Structures are given as structure tokens and as C-alpha cells.
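Below: one structure, written as C-alpha cells.
Every number here is computed from the coordinates shown, using simple stated rules; none is lab data. On a predicted model such as this, the values are computed, not experimentally measured, just so you know. We place every Cβ from the backbone using ideal geometry, glycine too, and count neighbours over all the protein chains shown.
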Amino acid sequence: MGSTTKSLKSQHHNFSDPFYQLNVLQQAGSHGEQFPAFTARLREHGLFPLKPTGTTILQINVGKMCNQTCRHCHVDAGPDRKEIMTRETIQLCLDALQHAPQIATIDLTGGAPEMNPDFRWFVEELSRLGRQVLVRCNLTIILANKKYNDLPEFFRQHQVHVVSSLPYFMASRTDAQRGDGVFEKSVKALQMLNAVGYGKEGSNLLLDLVYNPSGAFLPSGQKAMEAEFKRRLKSSYNIEFNSLFCITNLPISRYLDYLVQSGNYEGYMQKLVDNFNPEAAGGVMCRNTISIGWDGYLYDCDFNQMLDLKVAQTAPQHIRDFNLQVLDERNIILNQHCYGCTAGAGSSCGGETIK
Amino acid sequence: MEKTYYNPADLSKFGNISEWQPELGRKFFDYYGEVFKEGALTEREKSLIALAVAHAVQCPYCIDAYSTDCLQKGVDEAQMMEALHVAAAIKGGAALVHGVQMMNKVKEVSM
């Protein structure tokens, strides 16, 4: 894998079109056989239709703009993406939360969420509402511009839970996925977060890392991988962190493009299908999370958001009409990419889904 | 399609060997599964051993399987290559240590 500089959208690439992606996912393999329908696998295990278990997390994508252009990004984020959540839409999210005390965690993602001009105001307002704020920080943003250098201190002040991608404890696989020089900058940013107390025992400042494979293979053994990351990052860079979340790459957007271009698509899909685990399927994140797009539309997860698969029509479609009771009754929208969340030990924004 | 003795697609059919001898097949795969579980050695260490042995026995299926398995377990490239050098050293050493036998034989039959 190598870094690209332009988003698929700005290249007018086929894989920037959700309809095209869904078509590829439905196609038969080279032997003429289709992969079994994901919904059929759920039905076999009494999980269809898939229903929410009660929403406790709101994941808000505050914009697709990012300082990086990662090779696997399912958002197709990058510096050339201009979709940014407006202050008005942010206010609608805050209004909705006033009436939904059961939503304890607000998960801010992007792009680089910090690039939204109203990001800090949003975090302050969420803190005021007494919600746990989680920010998916790509690390390099902290060093991208002087105005971001104080982010570790800002996060500390608001007790933000920081979750950051680091696909490997060495430069080779990190830079192959996230771009040249990203590993070195990520190390510096992690040291800055450690310096204000993040990841340190007893600080209550949570710093979790996200591992996702730099290639066409699945993650395995979150606990063992976490131990290896801790050992290597501590000994080489004196970096500490709390937990490692292992996430499977879902076959959509840039990662789907990579799979097809590299000739790995069929083998990877077969691996996902072969490793379908009903226990992992029971714990998928769409059962307790609602995803909000930069324009306020509602989705079952961030992946469905990128495939433009909005929540079922029976439920409110936009944050302005937010009604948690009705949303918690909906059927979750599924497609073949969902195999990515149910393979092996499962995958979610919080790592493995099996207990 | 080009005909070769080894077909990558056959790796995923490994379980089919049980069709003609179910009982022994089951025992083998149960044993195989147990062997690779974490024990006195970690799963990661076992995967590296398997990778080295795969090269020593020159099994293309095993090389494919354990190269990927090592990647999945976070093994880095240098560690994988060092494991192969262990296999190579033992294979090379196994050939060369027989040089002593050769020398013995030559001395035995020489004036």
C-alpha cells in the first residue's frame, strides 16, 4: 500500500460512487458464485432483522476534511474534501442530546474533526452537557499547524477520551497506509499527549490506539497485539497508552479500491465470509450507536454513511427530527460490507465485539 | 488456467482430507488446533516457528498461510526473515555436519 494525495471524489473515481461500490460488493466472483448474502447469515442465527439494543453512543462525523489522505480511508477524507458540519447542524445535535440523557458518549470523527472551525466550541458545549467526549484524533493534526499544537492541553481540560490510529509500531507499515512521515509525526504527537498525562496510569486521561491491518489481511488477537504494541512503543519511544482496539478494514471506498487494484478483493471477501462469527455479529456497534453525517443525516454506522445508506425510512432521517424512541425500534440497514464487522473476534470503533 | 501441481485455492480445501477418513481427519485437526493455542509459547511465537518450518519443508500452502498469519499477529518483516535464517541455518548445518561422516569414510578407505 502507498499513500495517495487526492481523494477518490476529486479524481471522479468510480469508487467514490456508493452505488458503484455496492454493485461491486454484489457481484459474483471469478468462479461465478456470489458470496452468501449477509442478511441470510444473520437469519441463520436468529439475528435478522438486526435491531438496536439501545442507543448509548452518538458518533458524529463533523467533516470530511483531513490533513492526511490515508490509503485505506473509508471516508475518502483528505485536504481536498470541503464537506464540513455547520454550526447550525452542530446546534441541532446539541438540542437532540438535551432530550436523550441515555446517550452517554459522543464520538467525534471526520476527517480530522479538529479541522472543523467549530470543533472546540462543540467539545465545550458537550462537556457542559456532562457527556463523555471521545475524539478520533489522527495524531499528525497536532503538529500540522501551530494553531493545533495546544490540542493535548485542550483535550486534557475537557477530559476528552482520545482515540488515535496507529496501524503499526514501526514506520514501514504505518507510512505505507497513512503516508510518508506519518509515523514519525505520530510518535511526536503521542509523546505530547503523554506529556500532559494522557495514557499515564492514574491520570484518568484515556489514550487508546487503533490498529488496523496495512494490507489484505485480518487483525487477530487484540490482547496479544496490545501487549506487543505496549512493549515496542515503550522501549523504542517511551510512549504509553491505555488500550489497543483492533479494527478490520471494511471493503468500501479507498480500501475497496486497493483490494480490487491489488487483486486481493475476492480472497479478502472470502476470508471475511469464512470467518463470520455469530457471537461477533451479536455485538456489532450499530446496535448501540447512531452515526450522524456532516449534513445532519442519520445512519446506522459510519460505513453506511459513506455508502449513503441512511437509517430505515420508518425512523427520522435527519438530526432535526431526532427521536430516539423511534430510532431504537428501527431495523438496521445491512449489506455485504457488514461481513467486515462480524469476522473473527468482530470489529467496531471500540475494537473486538466478542466479550 | 495454467496447470501446476500446487493450486492456491486448494489451501482452503485442506479440511476435505477428512472426507475419505473422517476419524483420523478429525483427530488431526483437533490436534492441530490445540497445538497453535497459547500455551507455554504465545500464538505469535508458534506462528513464527510454523513459518520457519514451512520453509524448511518447502510447503507453499504453509508458506502462504503462515506469512499471512504472522502479519495478522503483528510480526515484523525482520522477525520473519530471522526465523527463516534459523530454518536455513539448521538445514545448512544438517547438510554440513554430515561432512564429518564424509571425512570419516574417506579416511577409512584411504591409505
> Measuring from label point to label point, each 7 Å out along Cα→Cβ, what is the residue A:13 to residue A:184 span in nm?
Replying inline: 2.6 nm
> Which of A:259, A:57, A:243 sits farthest toward the positive end of the charge dipole of chain A, with +1 on the Cβ of Lys and Arg and -1 on the Cβ of Asp and Glu?
Replying inline: A:243
>> Along the Cα→Cβ direction, 7 angstrom out, place labels at residue B:110 and residue A:157. What is the inter-label distance in nm?
In response: 8.6 nm
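Which net charge results for the neighbourhood of residue A:155, defined as the other residues with beta-carbon distances under 11 angstrom from its beta-carbon, given Lys and Arg at +1 and Asp and Glu at -1?
Numbers: positive: A:120, A:156; negative: A:114, A:150, A:153.
My count for the surroundings of residue A:155 gives -1.
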> Quick one: Cα centre-to-centre distance for segment A:182-196 and segment B:71-106, in angstrom?
Replying inline: 40 Å
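Tell me whether segment A:14-131 comes out rounded, prolate or oblate; compute the Cα gyration tensor, take square roots of the eigenvalues as a ≥ b ≥ c, and use a/c under 1.5 as the rounded threshold. Write down the numbers at each step before the final one.
Details: a/c = 3.40, a/b = 1.44, b/c = 2.36.
It is oblate, given that a/c is not under 1.5 and a/b is not larger than b/c.
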> So how strong a dipole does chain A carry about its Cα centre when Lys and Arg Cβ are +1 and Asp and Glu Cβ are -1, to the nearest 20 debye?
Replying inline: 600 debye
>> Give me the one-decimal nm value for the distance between modelled label points at residue A:132 and residue A:238, 7 Å along each residue's Cα-to-Cβ direction.
In response: 3.1 nm
>> Taking the Cα of residue B:5, stepping 7 Å toward and past its beta carbon, and measuring to each backbone N in segment B:44-74: which are under 12 Å?
In response: B:58-60
>> Going through the cross-link list A:6/A:185; A:185/A:310; A:6/A:188, which pairs have a Cα-Cα distance over 27 Å in this structure?
In response: A:185/A:310
> Going by the alpha-carbon gyration tensor, a ≥ b ≥ c the square roots of its eigenvalues, is chain A rounded (a/c under 1.5) or, if a/c is not under 1.5, prolate (a/b greater than b/c) versus oblate?
Replying inline: rounded
>> Out of the chymotrypsin sites (Phe, Trp or Tyr not before Pro) in segment B:25-97, which ones are loop residues according to DSSP with at most 16 other C-beta atoms within 10 Å?
In response: B:36
> Among residues other than residue B:39 whose Cβ falls under 13 Å from its Cβ, what is the net charge (Lys/Arg +1, Asp/Glu -1)?
Replying inline: -1
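Evaluated at 20 °C with a viscosity of 1.002 mPa s, what Stokes-Einstein diffusion coefficient in µm²/s does segment A:278-355 have when Rh comes from the Kirkwood expression over alpha-carbon pairs?
167 µm²/s
Let me spell out the model: positive unit charges on the Cβ of Lys and Arg, negative unit charges on the Cβ of Asp and Glu, origin at the Cα centre of segment A:283-355. What dipole size does that give, in debye rounded to 20?
Working: 5 positive and 8 negative charges, 26 e Å.
With Lys and Arg at +1 and Asp and Glu at -1, about 120 debye.
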> Based on the Cβ-Cβ distance from residue A:170 to residue B:61, what FRET efficiency comes out when R0 is 30 Å, to the nearest 0.05?
Replying inline: 0.60
>> If you average the C-alpha positions of segment A:286-305 and of segment B:2-66 separately, how far apart do those two centres end up, in angstrom?
In response: 41 Å
>> I need the phi-derived Karplus couplings for segment A:321-328: 6.51 cos²θ - 1.76 cosθ + 1.60, θ = phi - 60°, integer Hz, Gly and Pro marked x.
In response: 9, 3, 8, 5, 4, 5, 4, 6
> Tell me, what is a quarter of the convex hull surface for the C-alpha atoms of segment A:1-61, in nm² with one decimal?
Replying inline: 7.8 nm²
> Helix-derived [θ] at 222 nm for chain B: sum -39500 (n - 2.57) over DSSP H runs of at least 4, divide by residue count, nearest 500?
Replying inline: -22500 deg cm²/dmol
>> Quick check: Cα centre of segment A:87-154 to Cα centre of segment A:159-177, how many Å?
In response: 20 Å
